[in-house]
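Visitor: One structure, as structure tokens, below. Some questions next.
Values in this text are rule-based calculations from the coordinates and carry no lab data. If you're wondering where the values come from, they're calculated on a predicted model, not measured in any experiment. Positions of Cβ are backbone-derived with ideal geometry, glycine not excepted, and every protein chain shown enters the neighbour counts.
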Amino acid sequence: MKDKCILVTGSSSGIGRSITERLLNSGAKVIGLARDHSKFTNIHQNYLTYQADLNDLSNLKLIINKIIKDNDEINGLISNAGYGAFGPLENFSIEQINSFITLNLTAHIVVSKLLIPHFKRKKIGNIIFMGSEAGLIGTKNGSLYCSAKFGLRGFSQSIRNDISSSNIRVCIINPGMVRTEFFENLSFSPGKDVTNAINPDEIAKTVMNVLAMEESTVVEEINLSPLKKVVNFL
């Protein structure tokens, strides 16, 4: 992985943190993009951090352009940042809906839009989106989350067809419940048994396997589930 320079959004916690640690340990250079880096103060020489609120799209454009300018060797994106919000649609304000879709879908599209021309110039690139099982089937109280993840899945499929001729590979990983901070502010969580949720390091290992494939091979989509799905409601 020493030839890899990967931008990871949401690199400071949860799945993004596990991916970042795996990449760094493999010799890759990681550019971490997050709103708050205090949760993960890794001083690895190959870990560069940039701070941004992905809901602020105008500032996001400036940050991504700076990242490209500062790191011309960048050749990959792990588009991971996001959060969960669940409940009846009518319980969300218009502002909450807009903010949620911006971070969980639009920001992924914008970051990709800004990086793809660079990858095309380099004639190589890897883009991996962190989707969800919520992008496979609609669920009760999941109208916002499912909308964002269904949209991200469709976007991934579409741009894969658009940019494969430029030697850019696109993959989406759809995990079920992963044992991270994701559930801290939600009314439910996975069961306590180890078989009830995916360890985030398993997601990181999956990312590494996708990146390690020969450039002639594309892993288009991966679905991961806990062995025994158990949900605890508060």
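Visitor: Would you mention how many residues in region 66-86 are without any contact (Cβ under 8 Å) to a residue 60 or more places away in the chain and surrounded by 13 or more Cβ atoms within 10 Å (Cβ to Cβ)?
Guide: 1
Visitor: Let me ask another. For T195, state whether it is surrounded by fewer than 15 Cβ atoms within 10 Å (Cβ to Cβ) and in contact (Cβ under 8 Å) with a residue 24 or more places away in the chain.
Guide: So T195 passes the test.
Visitor: Right, next: Contact list please: Cβ distance under 7 Å, first residue in region 138-150 and basic (K, R), second residue in a helix (DSSP H, G or I) and surrounded by 18 or more Cβ atoms within 10 Å (Cβ to Cβ), pairs at least six apart or on different chains.
Guide: From region 138-150, the pairs are K149/A134; K149/G135.
Visitor: Listed residues S112, S147, S156; which is closer than 24 Å to T217 by Cβ, hydroxyl-bearing (S, T, Y), crowded, with 17+ Cβ neighbours inside 10 Å and in contact with a helix residue (DSSP H, G or I) (Cβ under 8 Å, 6 or more places away or on another chain)?
Guide: Being closer than 24 Å to T217 by Cβ, hydroxyl-bearing (S, T, Y), crowded, with 17+ Cβ neighbours inside 10 Å and in contact with a helix residue (DSSP H, G or I) (Cβ under 8 Å, 6 or more places away or on another chain) holds for just one of S112, S147, S156, which is S112.
Visitor: So which residues in region 170-186 are over 14 Å from the mean Cα position of the chain (by Cα) and either farther than 20 Å from G135 by Cα or in a helix (DSSP H, G or I) (or both)?
Guide: If the condition is that a residue be over 14 Å from the mean Cα position of the chain (by Cα) and either farther than 20 Å from G135 by Cα or in a helix (DSSP H, G or I) (or both), then E181, F183, E184, N185 are the ones that fit.
Visitor: Is there any pair with a first residue in region 22-51 that is over 22 Å from G82 (Cα atoms) and touching a residue at least 60 places away in the same chain (Cβ under 8 Å) and a second that is part of a helix (DSSP H, G or I) and of a type in the set (D, E, K, R) whose Cβ atoms are under 8 Å apart and which are 6 or more apart or on different chains, and what are they?
Guide: none
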